[in-house]
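The values are calculated or read from the model by the stated rules, or taken from the named source; none is laboratory data. If you're wondering where the values come from, they're calculated on a predicted model, not measured in any experiment. Positions of Cβ are generated from backbone atoms using ideal geometry, with glycine treated the same way; all protein chains shown enter the neighbour counts. Surface accessibility is based on the protein's heavy atoms, side chains included, excluding ligands, DNA and RNA. Shrake-Rupley method; radii C 1.70, N 1.55, O 1.52, S 1.80 Å.
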Amino acid sequence: MNTTLKSRLRRELRARRQGLSKAQQTIAANQLMLRLIRLPVFHRAQHIAAYIASDDEISPAPLLRYAGLIGKHCYLPKISQTANRNDMDFYRYHFKQTLQPNRYGIGEPSGLRRQPQAANKLDIVLLPLTGFDKEGRRLGMGGGFYDRAFAFKNGKKNQQPIMIGIAHHCQEVDSLPGDDWDIPLDLIVTDRRVIKPRKR
């Protein structure tokens, strides 16, 4: 998919979710949580990574709060610059924790005096989608953070963690071409349904 088309799709799909009211966003976040907590993989998981919603992304906050209350370990990404590129690590998070805004204005753990959780030791990763199709292809914001952080999964079956893309139902498109470096999604969960992509 060329850069121009990707940029156009991002604009269109961001506009869809930005058109949702605050009440619709709240309902969607709660519906998302209810679908996620019914998944067998959620019940088995002890280490769950998610994100702090921005730009009207669907919010995993209710899920993170619930997971923390029942004793699961939750993590948030932290972006750092090393060797002239941006990398992403995951740090332990509690829903009452104070977060520091990063350069994008998104809250993240400080990381001070703590070690990040190894990406391959996470059980589930909930990652934000700008767009998706039923085949499990995803369109992100273009930074490539998740693709780099989980590159070790590429081409390997049944490799931890389970990658679950989450989004508003209105962000689904008929088809998205994929790139070789894309990390495939194991599941997609929206406020309306759970999608199990066909294996490609």
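So here's what we get for this one:
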quantity: Hydrodynamic radius of the chain per Kirkwood, over alpha carbon pairs, in Å; calculated: 17.2
quantity: GNM flexibility winner over the chain from MET88, MET163, MET141 (Cα, springs under 10 Å); calculated: MET141
quantity: Extreme residue, positive dipole direction of the chain, given options PHE145, LEU20, LEU185 (C-beta unit charges); calculated: LEU185
quantity: Approximate spin-label separation LYS156-LYS134, in nm, with each point projected 7 Å along Cα-to-Cβ; calculated: 3.1
quantity: Gyration tensor verdict on the range 18-84 (Cα atoms; rounded if a/c is under 1.5, prolate if a/b is larger than b/c, oblate otherwise); calculated: oblate
quantity: Links that overshoot a 20 Å alpha carbon limit, given the list LYS121/LYS153; LYS121/LYS156; LYS22/LYS78; LYS121/LYS196; calculated: LYS22/LYS78; LYS121/LYS196
quantity: Carbon plus sulfur fraction of accessible area for the range 9-77, probe 1.4 Å, in percent; calculated: 54
quantity: For the chain: accessible area per residue (Å², 1.4 Å); calculated: 54
quantity: Helical segments meeting 18 Å axial Cα length and Kyte-Doolittle -1.0 threshold in the chain (DSSP H); calculated: 22-37
